[in-house]
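To keep things clear, I will list the structure first and then write my remarks on it.
Where a number appears in this text, it was derived from the coordinates with a stated rule and is not lab data. Worth saying up front: this structure is predicted, and the values here are computed from it rather than measured. Using ideal geometry, Cβ is built from the backbone for each residue, glycine included, and neighbour counts are taken over all protein chains shown.
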């Protein structure tokens, strides 16, 4: 990304693979954020049960 100009062009398959990988990483990040957001509420709820 920051390596400067490149002589090699990426193939259509490489671009699609990179997009798919980036999509999965963004989805994992979103799930992790949601889990961290709700974790204090879940801990509080679990304490009330016992």
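Given points 7 Å out from each Cα along the Cα-Cβ axis, report the residue 24 to residue 44 separation in nanometres with one decimal.
Calculated label separation equals 3.6 nm.
Using helices alone, what [θ] at 222 nm do you get for the chain, with -39,500 (n - 2.57) per DSSP H run of 4 or more residues, divided over all residues and rounded to the nearest 500?
On the way: 1 runs with 38 residues, N = 50.
It comes out at -28000 deg cm²/dmol, rounded to the nearest 500.
Note the direction-averaged projected area, equal to a quarter of the hull surface, for the Cα convex hull of the chain, in nm².
5.3
Helix 12-49 versus the longest principal axis of the chain: what angle, 0 to 90°, nearest 10, using Cα atoms?
The helix 12-49 is inclined about 10 degrees to the chain.
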